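So the structure is just underneath, and the comments pick up after that.
The values are calculated or read from the model by the stated rules, or taken from the named source; none is laboratory data. Computed from a predicted model, the values in this text were never measured in an experiment. All Cβ positions, glycine included, derive from the backbone under ideal geometry; neighbour counts span all protein chains shown. Just the protein is used for accessible areas: all its heavy atoms, side chains included, with ligands, DNA and RNA removed. Shrake-Rupley method; radii C 1.70, N 1.55, O 1.52, S 1.80 Å.
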Amino acid sequence: MADVRLTVSPDELKRAAVQVEAQIAAAERDWARLYETARASRHYWEGEAADYRHRLLEEAKQEVQEALRRLKAHPPHLLEMAGIYIDAEEKAASLVNSLPDDAIL
């Protein structure tokens, strides 16, 4: 039988998911403040420079939103992996407990 050893426990995966979610939320808040500050300065710009600056800001906004969207996919994956590990551990324990006492392991 293969000797399988997990280097990350399900609890560590769950903690990491919570931590990553908090970091993503903080990044979203920071970006929103930065974006609003940049938008508030639009009155200082005129003409082509204003148009160019606005276009750059909106492009950056789209890129940041896409990056945050992709990052948000990771915490559920960590929780899913934790669930798979827990399920596998429970099935293995159940299988071991169902073996007769005189079985060779």
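Across D101, D51, D87, the residue with the most accessible area heads the list, and the full order at a 1.4 Å probe is D101, D51, D87.
How many Å² of accessible area per residue for the chain, probe 1.4 Å? Can you show the working numbers first?
On the way: 8650 Å² over 105 residues.
Per-residue accessible area for the chain comes out at 82 Å².
By a 1.4 Å probe calculation restricted to protein chains, K91 has an accessible surface near 130 Å², given to the nearest 10. Computed from the C-beta positions of K91 and T7 and an R0 of 35 Å, the FRET efficiency is 0.95 to the nearest 0.05. Computed over region 34-105, the alpha-carbon pair-distance distribution with 5 angstrom bins reads 3, 12, 12, 11, 8, 7, 7, 6, 6, 5, 5, 5, 4, 4, 3, 2, 1, 0, each value a whole percent. Shown is the FRET efficiency for E63 and S41, computed with R0 = 25 Å from the Cβ-Cβ distance and rounded to the nearest 0.05: 0.80. For the set W31, W45, solvent exposure ranked by accessible area (probe 1.4 Å, protein chains only) runs largest to smallest as W45, W31. For the chain, which whole percent of the accessible surface, found with a 1.4 angstrom probe, sits on carbon and sulfur atoms? Carbon and sulfur: 57 percent of the exposed surface of the chain.
Rounded to the nearest 500, the helix-only mean residue ellipticity at 222 nm of the chain stands at -27500 deg cm²/dmol, with each DSSP H run of n ≥ 4 adding -39,500 (n - 2.57). Dipole magnitude for region 10-81: computed about the Cα centre from +1 point charges on Lys and Arg Cβ and -1 point charges on Asp and Glu Cβ, it is near 140 debye. Ranked by solvent-accessible area (1.4 Å probe, protein heavy atoms only, all chains present), the residues E59, E90 order from largest to smallest as E90, E59.
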